[in-house]
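First comes the structure, then the notes that go with it.
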Amino acid sequence: MGGQAMTLTDQRPASEPRIVYNEGYLDEQTKRAIRRALLKGVAIPGFQVPFASREVPMPRGWGTGGVQVTASIIGPEDLLKVIDQGADDTTNAVSIRQFFERVAGSASTTHTEQATIIQTRHRIPETPLAAGQTIVYQVPIPEPLRFLEPRETETRRLHALEEYGLMYVKLYEDIARYGHIAKTYDYPVRVNGRYIMAPSPIPSFDNPKMHMSPALQLFGAGREKRIYAVPPFTSVESLGFEDHPFEPQSFERPCQICGSEGVYLDEVITDDAGGAMFVCSDTDYCARTSSGTSTEGAPQ
Amino acid sequence: MSQPTAALTPGFAHPVHDAQRTFRAVLEAMARPLTPQPLGVPLTPPAPLTAEAGVVVLTLCDEQTPLWLDEALRGSTEVTTWIRFHTGAPLVDDAAQALFCLASSPHSAPPLDTLNLGTDQEPHHSATVIIEAAEGAEGSCTAAGPGIRESLTWNGAGLPPRFLKDRQRLTEAFPRGVDLLFLTPGAVSGLPRTTRLSLIGDI
Ligand SMILES: [Zn+2]
């Protein structure tokens, strides 16, 4: 690549900076490999595509997989929203947004419906996603069968043969023991009736939002070097049984700040005496619902 | 440093941004099958390589992607020199060895059963075929599957009936398969292996 890269650089107009700090953060060769993996991921929904993840020193909570996926798709025309546990204002979320403003020239937003790319850890926004939006999930453990079968060669074989009986047995053991399925986050899903997929550590409350979403959903696992995807309008079924269908978590009460019902709530400690209140985990949704600003509508 | 010949036209003027923009169009195309996505084409590659094919090849191909070219493209030294210089992609004669195939017309696309479909364990090790679609094609298929809300009709891009029938049958090989990209002036559309085609009438 050496000679070629130099020649390409030399073709730039003099007004452009000659050396840009890895525009978009990754070198072009790495981005091409990730982009090819993304295309195959989209073409094979729910299948984990291995990719040559770069060893990137990053603060904990940034999600090297999510950051590499975002870096491979984002450009100066994008509006990026980053959420961490539903919040736009955590240190991690703010740092990642600022990072991409610097290296990709993208602008940032906290408004879900304005964002073209949403990078997330732990939540899917309450405001429904729309066509034209892409959501990038940070994934720590991409393999949904890992806790049943530690060997990579074996899990790959199970996926290839669509041999998912063990997974159902394990879930049914939960029902026998607790009367319900114990898993409340990273609850496994079946994509397009074929691959079982880990939705990343989102609460099972959010699982139904993945089903037939108009948005493109991309998943990046940096440490395990896997990329996977769910195209828009694709079936995403949470695993269940006829006598014990999947039941997402639900909340009895409304948010104590904005009054929304049917939203995911966090318990927030309000004083030293152990007082607590239940409020939206999605800070953008909560702030704008309580101020009466609409969160409806779609980009473009 | 390698010295371009006088005849070599430039690649992307803004490699980072041009590749990013092109990729987003291709990604959207693959995510929303058979729905054309606007493709900026800031390039003038040597004919018969079109600007659309040029930007897609520059964006996706490199030393790691064996590339097959149809006869018209392979026969042009200017085209092969341009592609080699700007991407470093090894050009292969046998389409079965290729990760990308580039066809300058629907009729020069390689037969699907000669291509690398990947394996059940590694279905991503499969070919992507980039085809210059015929304009005003009059075939008629209905298409359904991931990325398509209900179903849509498609003109078949001018592909020969036999190719379309092979493609229709290939759906059964899932997760193995071949993914297709179609180029029209200023646009790209995708046909991933998940899209189910029903051919209407005898096309
Ligand atoms: Zn609220």
Kirkwood-based Rg to Rh ratio, the protein assembly as shown, C-alpha trace: 0.99
Total charge dipole magnitude, segment A:24-238, about the Cα centre, Cβ charges on Lys, Arg, Asp, Glu only, Debye to nearest 20: 460
Cα gyration tensor shape of segment A:250-300, rounded if a/c is under 1.5, else prolate or oblate by comparing a/b with b/c: prolate
Environment charge at A:Gln133 (Cβ cut-off 13 Å; Lys +1, Arg +1, Asp -1, Glu -1): +1
Average other protein chain Cβ within 10 Å of Cβ, residues B:143-154: 3
Karplus (6.51, -1.76, 1.60) ³J(HN,Hα), θ = phi - 60°, over segment A:278-287, in Hz, Gly and Pro reported as x: 9, 9, 3, 7, 7, 5, 5, 4, 5, 4
Alpha carbon convex hull of segment A:81-124, volume per residue in cubic angstrom: 59
Value of D in µm² per second that Stokes-Einstein yields for chain A, Kirkwood Rh from Cα pairs, at 37 °C (0.692 mPa s): 160
Proximal aspartates and glutamates to B:Lys165, defined as alpha-carbon separation beneath 17 angstrom and excluding residues fewer than eight positions away on the same chain: B:Asp113, B:Glu138, B:Asp179, B:Asp202
Other-chain or far-sequence residues with amide H under 5 Å of A:Ala87's (modelled H): A:Thr283
Relative packing of A:96-104, A:70-78, which averages over residues the other C-beta atoms within 10 Å, highest first: A:70-78, A:96-104
Helix-only CD estimate at 222 nm, as mean residue ellipticity for chain A, using -39500 (n - 2.57) per DSSP H run (n ≥ 4): -8500 deg cm²/dmol
Segment B:14-199 - percent relative contact order, Cα under 8 Å, separation 6 or more: 24
Shielding by other protein chains, B:8-21, mean Cβ within 10 Å: 5
Between segment A:30-60 and segment B:78-134, the Cα center-to-center distance that results, in Å: 21
Average beta carbon contacts from partner chains per residue of B:27-38, 10 Å cutoff: 5
Ratio of Rg to Rh over chain B (Cα coordinates, Kirkwood Rh, two decimals): 0.96
Expected 222 nm ellipticity per residue - DSSP helices of 4 or more, -39500 (n - 2.57), all of chain B, to 500: -7500 deg cm²/dmol
Over segment A:204-287, relative contact order from alpha-carbon pairs under 8 Å, at least 6 apart, %: 21
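Coordinate-derived values only; no laboratory data. All values reported here derive from a predicted model rather than from experimental measurement. FYI the Cβ positions are ideal-geometry reconstructions off the backbone, even for glycines, and counts take in every protein chain you see.
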